[in-house]
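The values are calculated or read from the model by the stated rules, or taken from the named source; none is laboratory data. All figures in this text were calculated on a predicted structure; none of them were measured in a lab. Don't worry about glycine lacking a Cβ; one is built from the backbone with ideal geometry, like all the others, and counts go over all protein chains shown.
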Amino acid sequence: MINIQENILLAPLTSFRIGGNAKYYVEVFSVEELKEALVFAKDKKIDFYILGGGTNLLVSDNGFAGLIIKIKMNEISANDDMIDVQAGVPLIKLINTASQQGLSGLEKLAGIPGTVGGAVRGNAGAFSSEIKSCVKNVTAFDTEKMELKTFENEQCNFAYRTSIFKENKNLIVISTTLILQKGEISEIQKLVTDTIMTRSARGLNGVKSAGSYFMNPVVENEKLCQEFEKEKGVPVRNKTLPAGWVIEQAGLLGKQIGGAEVSEKHANYIINAGEATASDVIMLVSFVKQQVRDQFGIQLTEEVNYLGF
Ligand SMILES: Cc1cc2nc3c(=O)[nH]c(=O)nc-3n(C[C@H](O)[C@H](O)[C@H](O)COP(=O)(O)OP(=O)(O)OC[C@H]3O[C@@H](n4cnc5c(N)ncnc54)[C@H](O)[C@@H]3O)c2cc1C
C-alpha cells in the first residue's frame, strides 16, 4: 500500500536546495507500488515526475502540481562478473559493491552523486568514462503499456548524457545488469579513492548545485578552438569544448544574479550561493546563454533537467 503525501517541499530533496512544493509525493519500493502511484496520477488526471537523488534537477519556485514518484527500489546483487542493481540504489553504493567484489569498470564514476536510475537515464560520466560501457541491459517500466521491457545495451541509444530513457518520458528505469571486468580489489579501490580525491580537490563538494549545468558544446568557431588548444596544450576532440571554459572566456566567472552564481571554481557550475530562487537561476542561465551566443556564436544547452516550469 503506497503512502501518498500532500504538499511536500521539494527543495530539500534536491542538491540545488531550490524549489517549491509538490502537490503529491510518494516513495515507491517495488514495481507494484510504482503501478499504484501511476494509477493514482491517472485517476486524478495529473502529471507524474520521477525523482532519483535530485542531483540533476532545478525545481520551479512554484513547485509541481502533480505527483512526484521517488524511486526507492534498492536491491543489488553480484554474481561472477555481473551486478544486478535497481534504480534507487545510490551510484556510490553500486561502485563500492563492485570494488568489494573485485569488479572493475565503474571506478571513474565515483563521486557522481545520485542514483543508478538517474545515471543510466543520463548516461552519467566523468574522466572519459561513461556508465554505458558497463551496461549489459536495462529493464524499464513503460507507463503507456503499463508493462516491463528489457533493452539490450545497443537498444538504449546511449550517447553523451542521454539515452532512450531520457528521450521517452514514458520509460522509467527499474533496474540494470552490468558486466564488469575482474581485477585486483586493492587496485580498484585505489582508483575509486583517487577519483574521489581528484573531485574533492575541485573544492565543489557540499556546494549547492546540480553539477555541470550545460552540455559541452560542439563548436564551429575555429579561432576559439585554437585558443583552447594553445591555452590547455591538448587537442580539441570532436570539435567539442568544455562548456565551463567557454563560459570563462565570456568573462562570466563569479557572475551573480540574486543568490545564483557562476562558480569561481568551475564556470559550468551554477551554484546556489545563499538563498537562490529558481527564478534567480533561470535569469543567470539566460544571461550566460545570451553572452556566449553573442560573443562566440555558440548555443549552450542544458544538462540539468527542469521541473515545474
Ligand atoms: C556535485 C555534483 C557533481 C556532479 N558530477 C557529475 C559528473 O561528473 N558526471 C555526470 O554525468 N553527472 C554529474 N552530476 C549530475 C548528476 O549527479 C547525475 O546526472 C546523476 O546521474 C543524476 O542522478 P539522480 O538520481 O540524482 O537523478 P535526478 O536528479 O533525481 O533526476 C534527473 C532526471 O532523471 C530522471 N530520472 C531519475 N531517475 C529515473 C529513473 N529511474 N527512470 C527514469 N528517469 C529517471 C528524472 O525524472 C530527471 O529528469 C553531478 C551533480 C552534482 C550535484
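Computed quantities for the displayed model
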{"item": "ASN205, sole failed condition from (1) of a type in the set (S, T, N, Q); (2) surrounded by fewer than 17 Cβ atoms within 10 Å (Cβ to Cβ); (3) in a loop (DSSP other than H, G, I, E, B); (4) in contact (Cβ under 8 Å) with a residue 12 or more places away in the chain", "result": "(4)"}
{"item": "Pick from segment 159-194, criterion small (Gly, Ala, Ser) and within 16 Å of the ligand (Cβ to nearest atom), ranking: farthest from the chain's Cα centre (by Cα)", "result": "SER175"}
{"item": "Residue, farthest from the ligand (Cβ to nearest atom), within segment 123-140, restricted to residues that are of a type in the set (Gly, Ala, Ser) and farther than 15 Å from GLN155 by Cα", "result": "SER128"}
{"item": "Segment 261-295, residues that are buried (at least 20 other Cβ atoms within 10 Å of the Cβ) and part of a helix (DSSP H, G or I)", "result": "ALA278, ASP280, VAL281, LEU284, VAL285, VAL288, VAL292"}
{"item": "Residues (in contact with a Leu (Cβ under 8 Å, 6 or more places away or on another chain), part of a helix (DSSP H, G or I) and buried (at least 21 other Cβ atoms within 10 Å of the Cβ)) located in segment 160-194", "result": "PHE165, ILE188"}
{"item": "Test for ILE95: is it assigned by TED's automatic domain parsing to the domain that holds GLU187, assigned to a helix (DSSP H, G or I) and either touching a Leu at 6+ places or on another chain (Cβ under 8 Å) or within 8 Å of the ligand (Cβ to nearest atom) (or both)", "result": "yes"}
{"item": "GLY66 vs. criteria surrounded by fewer than 23 Cβ atoms within 10 Å (Cβ to Cβ), more than 11 Å from the ligand (Cβ to nearest atom) and assigned by TED's automatic domain parsing to the domain that holds PHE141", "result": "no"}
{"item": "Unmet criterion (only one of (1) touching a residue at least 40 places away in the same chain (Cβ under 8 Å); (2) buried (at least 19 other Cβ atoms within 10 Å of the Cβ); (3) more than 8 Å from the ligand (Cβ to nearest atom)) for GLY52", "result": "(3)"}
{"item": "Identity of the residue in segment 296-309, surrounded by fewer than 19 Cβ atoms within 10 Å (Cβ to Cβ) and within 20 Å of ASP61 (Cα to Cα), that ends up nearest to the ligand (Cβ to nearest atom)", "result": "ASN305"}
{"item": "ASP47 in contact with a helix residue (DSSP H, G or I) (Cβ under 9 Å, 6 or more places away or on another chain) and surrounded by fewer than 18 Cβ atoms within 10 Å (Cβ to Cβ)", "result": "yes"}
{"item": "Any chance VAL246 is in contact (Cβ under 8 Å) with a residue 40 or more places away in the chain, part of a helix (DSSP H, G or I) and either closer than 24 Å to SER163 by Cβ or of a type in the set (Phe, Trp, Tyr) (or both)", "result": "no"}
